[in-house]
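Everything on this sheet refers to the single structure shown next.
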Amino acid sequence: MNDLVSIITPVHNGELFLRECMDSVRNQTYPHWEHLLVDDCSSDNSASIIAGYAAKDDRFRLISLKVNSGAGITRNRAIEQASGVYIAFLDSDDSWYPSKLEEQVSFMKLNRYPFTFSAYDRKNEAGKKFSKPVAAMRQVTYKRALFKNPIGCLTVIYDVRFFGKQYMPDIRKRQDYALWLKLLKKSDAFGLQKVLASYRVRKHSVSSNKFSLLGYEWKIYREEEGLSFLESLFYMVSAVLLKMKSYF
């Protein structure tokens, strides 16, 4: 089992947690990976941290952008340069458990699944874990995903041999959700029930306020998916109700 996994990480002023992220990749029991980290005009030491890791292990690759572009374009730049037959995603403040790639690639090969994700736990900025992990649904269809994004970005792997290279749309937020919907039109996504990753909940992150993202979801329904006004309204109301249920 030596198929290369290309790990995609956008970085913008990520020095606080970047080493933890990269160490979690370096400690993978599955050795066949390349980690493409795209520095999106950081003003801190992110680029030098990445360069230091790359000098010691050439599986780490630093890509630098000249203009701040946001997570979607940043991820796409890495996907363009990826050499792997699998594409995986990991943000710079998140981390993986050591067996993540080995178990998930095996899961994909054994079942011939081209699009998979897993359960994950959550931790605060101090590293303290929340009591309850986020479970993975066993199977996600396109229709199910329209109601609510049930797939954690830090857990996704998709097979380039099945989908070809697939990119995120040029929108500032919710690009990952838009990509999942694109993939789900070609294949359902299958969830590995084991917790394989750790998501960091940050007070001022782009996704910390779920209700602030609704405008981007509307844009995805109307412009990316081409849904009618009434269809979009139906899914938007459903999404709000689901968010309110989880919030309270």
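The values are calculated or read from the model by the stated rules, or taken from the named source; none is laboratory data. Just so it is clear, the structure is predicted and the values come from calculations on it, not from any experiment. We place every Cβ from the backbone using ideal geometry, glycine too, and count neighbours over all the protein chains shown. All accessible areas refer to the heavy atoms of the entire protein, side chains included, with ligands and DNA or RNA removed. Shrake-Rupley method; radii C 1.70, N 1.55, O 1.52, S 1.80 Å.
Please verify whether Ala71 is of a type in the set (A, V, I, L, M) and in contact (Cβ under 8 Å) with a residue 12 or more places away in the chain, treating the condition exactly as stated.
Yes.
Can you go through Ile8, Ile49, Ile79 and tell me which one is of a type outside the set (S, T, N, Q) and part of a strand (DSSP E or B)?
Ile8 is the lone residue from the list that is of a type outside the set (S, T, N, Q) and part of a strand (DSSP E or B).
Can you tell which of Arg77, Arg61, Arg26 is at pLDDT 95 or above and within 25 Å of Asn124 (Cα to Cα)?
Arg26
Out of contact with any Asp or Glu (no Cβ under 9 Å at 6 or more places or on another chain), closer than 20 Å to Ser198 by Cβ and acidic (Asp, Glu): does that describe Asp23?
yes
Considering only region 168-194, state which residues are farther than 19 Å from Asn111 by Cβ and surrounded by fewer than 16 Cβ atoms within 10 Å (Cβ to Cβ).
Asp170, Arg172, Lys185
What number of residues within region 113-137 are closer than 24 Å to Val160 by Cβ and open to solvent by 80 Å² or more (accessible area, probe 1.4 Å)?
Total satisfying the criteria: 0.
Out of the residues in region 66-81 that are open to solvent by less than 10 Å² (accessible area, probe 1.4 Å) and hydrophobic (A, V, I, L, M, F, W, C), state the one that is farthest from Ser43 (Cα to Cα).
The residue in question is Ile79.
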